[in-house]
Amino acid sequence: MATRRPAHPASTPRTGSVRPWLMLATAVLAQAAGTVFQSAPAFLIPLLHTERGIPLAQAGLLASAPTLGLVFTLVAWGALTDRVGERWVIAGGMALTALAAAGAMTASGYLGLGGFLLLGGAASGSTNAASGRVVVGWFRKERRGLAMGIRQMCQPLGVAVAAIAIPPLAASGGVAAAMTLPLVLTAVLAVLSAVVIIDPPRPARKGADAGDRPANPYRSTAVLVRIHAASALLVVPQFTVSIFGLIWLTSDRGMSATAAGIVVGVSQFVGALGRVAVGVWSDRVGSRLRPLRQVAWAAAAVMVVLGLSELAPAWTAAAALIVAATITVADNGLAYTAVAEIAGPFWSGRALGAQNTGQFLAASIVGPAVGGLITLVGYPLAFALVALAPVAAVPLVPREAKDAEDELVSIASPGLDTSPTAGRA
């Protein structure tokens, strides 16, 4: 495997520098911009389903097209990040996403639009593994939960922006007007990422075996695979809420598209703050996986509550949606940080790519599957049935988190100097 040159001393942030936080902010904004692209089709569902008569399952499939594109490229983006670094992977991916957004604006027909959404989703996956490696590379372990929690704000913030902006843009100018927003955001962040982000240094190899390739962390234990599987199940309630929350509030609970968009936007903003709080919680308890189990139980409970809110007034349903959106996204940062720490510095790109591949593969199924389920049994029962996914995830999360992490770090990074670098925050 090709190795990168260490960062030039003049460009390496010093201890206490604000540069790591600027890089973190840029990475968050870049992935949030990609999330706006990925989420935009979900907020086109009222336009496509209500005004243009596209069946709900078919509209859900279109909403899942960017996610499906992610599935095909996440591991490849991770491997490329392991080889060439984070800076140009993020900047290049943002530029390609902007081109796909421009194509979606001019696409004619359902298939053409779906094709550009698929390509844009594939390009936007560049930030998923690379931005996580920026956090792991520039922040010490005792601050990593906080930093990764901030980094995980990117998805709910991106969904919030899309929820608030896409419906009125689509109402005023159709698909072309709606896709202008992700075009502008990803183009700006392509430039900003190239200017601000510095590839973090890797730990130095020691001893005569310095030329040996690091051991594959997947060969000796199933810990990473179990985390991947649990995370894939945990995105089912998350994407159920994000894809169908808006149409549920408008078509089933009688809210206007603008009011429902505000509710979804608020829910995503609160969810972003929740991710930071969960990250700080994991730093304090010294574990990523033990809190992950508790979040999974909470996600199951809140989906049942969401189904029962059908019996309550519309404002109660809106409040339940905000709580559900907050809890169902809280697991992402915990699992993501655990995978990055366990896999080690020479495998984290591919491991994070595999982590996201499993998540987005499950998410790409949510649109058509849950859309069809809602058509058959209605929203309340569908929400309650979705609660089974996080229940199934609980036994997959390893119990002895610290022992498993220590074992895997020793396997994944033999002979590495794992002491914190001078430039880390």
*asked:* Testing the spin-label approximation: label points 7 Å from Cα along Cα→Cβ at PHE72 and GLU142. State their distance in nm.
replied: 4.7
_Mean separation of Cα contacts under 8 Å, 6 or more apart, over the residue count of the range 54-183: relative contact order %_ = 31
*Largest first, what is the accessible-area ranking of LEU192, LEU334, LEU311 with a 1.4 Å probe?*
LEU311, LEU192, LEU334
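Order the peptides 371-383, 317-329 from the highest to the lowest mean number of other Cβ atoms within 10 Å of their residues. Intermediate values should be presented prior to the final figure.
Numbers: 371-383: 18.2, 317-329: 24.2.
Top of the packing list down: 317-329, 371-383.
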*How far apart, in nm, are two points set 7 Å out from the Cα along the Cα-to-Cβ line at ALA222 and at SER172?*
5.4
*For the pair SER108 and THR375, how long in nm is the line joining their label points, each one 7 Å along Cα→Cβ?*
2.8
_Contour excess over end-to-end distance, with Cα ends at TRP297 and VAL84 and 0.36 nm allotted per residue_ = 72.8 nm
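The values are calculated or read from the model by the stated rules, or taken from the named source; none is laboratory data. What you see is a predicted model; the values in this text were computed from it and never measured. Please note: Cβ atoms are built from the backbone with ideal geometry, for glycine as well, and neighbour counts cover all protein chains shown. Each accessible area value is taken on the protein alone, full model and side chains, heavy atoms only, with ligands, DNA and RNA left out. Shrake-Rupley method; radii C 1.70, N 1.55, O 1.52, S 1.80 Å.
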